[in-house]
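Quick notes on the structure that follows.
The values are calculated or read from the model by the stated rules, or taken from the named source; none is laboratory data. All of these numbers come straight from a predicted model, not from anything done at the bench. Cβ atoms come from the backbone with ideal geometry, glycine included; neighbour counts cover every protein chain shown. Surface accessibility is based on the protein's heavy atoms, side chains included, excluding ligands, DNA and RNA. Shrake-Rupley method; radii C 1.70, N 1.55, O 1.52, S 1.80 Å.
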Amino acid sequence: MDKEQLDERLVKVVPSKRQVAQQQMEFYSFVHFTVNTYTGREWGDGTEPEEIFNPEKLDAMQWVKAIKSAGMKGMILTCKHHDGFCLWPSAYTGHTIAQSPYKEGKGDIVREVSDACRAEGIRFGIYLSPWDRNNKTYGYGKAYDDYFVNQLTELLTGYGEICSVWFDGACGEGENGKKQVYDWARYYEVIRTLQPDACIHVCGPDVRWCGNEAGDTRPSEWSVVPRRASETEKIAQESQQAEDTSFRERKIKATDQDLGSREVLELHGSVLRNYCMNCGKSFDLDDIIHSQGIPKCGCGGIIKPDVVLYEEGLDEDVLSRSVAAIRQAEVLIIGGTSLTVYPAAGLVRYYRGDKLVVINRTALDGAGADLTITEPIGSVMAQL
């Protein structure tokens, strides 16, 4: 692919109509109101009796007017969380508002909130947890997927226009001790068919999760990022796995700060990854920074950075991929090195282009650079 082809490809990367509409909302709310309000727990386990859910002064219009007065333009309602309790009278489970005392079993909070949103010009979205700790088919593949799709269909066809469908990555065990392998492609197809203007959030292709629930974000959140940022397996792995207050305090990991990197070939490894020399457990840089003395694992083993030490061999696969990448490069930037340490220093000879840039505080004789910048690499790169 030449430069013109690359430029043509890049300029075609534009947001969809639904993504533009989502960004134009700018500021919207997320309302979580369910049986947990009455148990005082963050997560329910699916065994909560429906009778405990009985709001006596619920006023959906008051909610909507409050968020509107704050300048918000949308509301996402948690219609079902991991406990499986439905805020609408689903026909596919008895664990719903219809079995509660609320309005003598005739209530439908999804209806009340969606109607109030429309009356006030507020866009309405839904959160539907794929993990259901109450349903007996969870963990049994297609049987549960059918159940989930049926509930998703109820919400997408019975409550008017839906602007957002929020899926998080929680995937715990069901009552049977099994985990469900979610059929994401099937879920997406249902949404695209029934609500084509709705954005699919987090475990979905339209809106990316910032990576934590502590209100901590990266300095820049680019609209276009590597495909890996939308991989549902990675999102699920990084999502909350248990009812643990410390998760809400977890900030962005150092390894996730730069979403713009497309591919990094690390000849000498990285201190951002660390592992126990005894049991092999992985640790982030954040774990090492806050340790006292020599970092140690819970098993007693020493935690070692995933780096190549002196006289240890380099990864042959990474080395060969580095050579291939350098050969294909249009521009090669060499930064912060004296080009005296081999074999890495010998890689420059594989460059075939005519735009070799060296950034180093001291000029390098014999480097054959087309441009030499003798400034600190950090300040130079910050200006690019």
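Mind telling me which of the residues 33, 27 ends up being at pLDDT 90 or above, within 17 Å of residue 199 (Cα to Cα), under 24 Å from the mean Cα position of the chain (by Cα) and not in a helix (DSSP H, G or I)? Steps first, please.
Values: 33 fails: within 17 Å of residue 199 (Cα to Cα).
Of 33, 27, the one residue that is at pLDDT 90 or above, within 17 Å of residue 199 (Cα to Cα), under 24 Å from the mean Cα position of the chain (by Cα) and not in a helix (DSSP H, G or I) is 27.
Within the bounds of segment 107-115, is there any residue that is surrounded by fewer than 24 Cβ atoms within 10 Å (Cβ to Cβ) and part of a loop (DSSP other than H, G, I, E, B)? Yes, segment 107-115 contains at least one residue that is surrounded by fewer than 24 Cβ atoms within 10 Å (Cβ to Cβ) and part of a loop (DSSP other than H, G, I, E, B). The conditions of being part of a loop (DSSP other than H, G, I, E, B), modelled with pLDDT of 95 or more and surrounded by fewer than 18 Cβ atoms within 10 Å (Cβ to Cβ) are met by residue 160. Any chance segment 255-270 includes a residue that's at positive phi and either at pLDDT below 80 or not aromatic (Phe, Trp, Tyr) (or both)? Yes, some residue in segment 255-270 is at positive phi and either at pLDDT below 80 or not aromatic (Phe, Trp, Tyr) (or both). The set of residues from segment 59-80 being hydroxyl-bearing (Ser, Thr, Tyr) and either over 30 Å from residue 174 (Cβ atoms) or open to solvent by 60 Å² or more (accessible area, probe 1.4 Å) (or both) comprises just one member, 69.
Is it the case that residue 107 is without any contact (Cβ under 8 Å) to a residue 60 or more places away in the chain and over 23 Å from residue 170 (Cβ atoms)?
Numbers: without any contact (Cβ under 8 Å) to a residue 60 or more places away in the chain: yes; over 23 Å from residue 170 (Cβ atoms): yes.
Yes: the conditions hold for residue 107.
The set of residues in segment 163-176 that are part of a loop (DSSP other than H, G, I, E, B) and either modelled with pLDDT of 95 or more or open to solvent by less than 40 Å² (accessible area, probe 1.4 Å) (or both) comprises 163, 168, 169, 170, 171, 172, 174.
Taking segment 288-384 as the region of interest, the strands (runs of 3 or more DSSP E) fully inside it that hold 2 or more residues being in contact (Cβ under 8 Å) with a residue 24 or more places away in the chain are 303-307, 332-335, 356-359. Restricting 56, 4 to those that are over 22 Å from residue 166 (Cβ atoms), surrounded by fewer than 15 Cβ atoms within 10 Å (Cβ to Cβ) and modelled with pLDDT of 90 or more reduces the list to 56. Listed by first and then second residue, the pairs with beta-carbon distance under 6 Å, at least 6 apart or on different chains, first residue in segment 63-91 and charged (D, E, K, R), second outside any loop (DSSP other than H, G, I, E, B) and open to solvent by less than 50 Å² (accessible area, probe 1.4 Å), are 73/25; 80/86; 80/128. When segment 188-202 is examined, which residues are found to be over 17 Å from the mean Cα position of the chain (by Cα) and either of a type in the set (Val, Ile, Thr) or modelled with pLDDT under 95 (or both)? Residues satisfying the conditions are 190, 191, 193.
If the condition is being under 17 Å from residue 153 (Cα atoms) and not in a strand (DSSP E or B), then segment 79-93 contributes 81, 84, 85, 87, 88, 89, 90, 91, 92, 93. Looking across segment 275-333 at every residue that is basic (Lys, Arg) and open to solvent by 80 Å² or more (accessible area, probe 1.4 Å), the one that is nearest to residue 348 (Cα to Cα) is identified as 327.
Taking the criterion of being surrounded by fewer than 20 Cβ atoms within 10 Å (Cβ to Cβ) and among the β-branched types (Val, Ile, Thr), the residues of segment 31-48 that qualify are 31, 37, 39, 47. Filtering segment 334-355 to residues that are crowded, with 16+ Cβ neighbours inside 10 Å and of a type in the set (Lys, Arg) leaves nothing.
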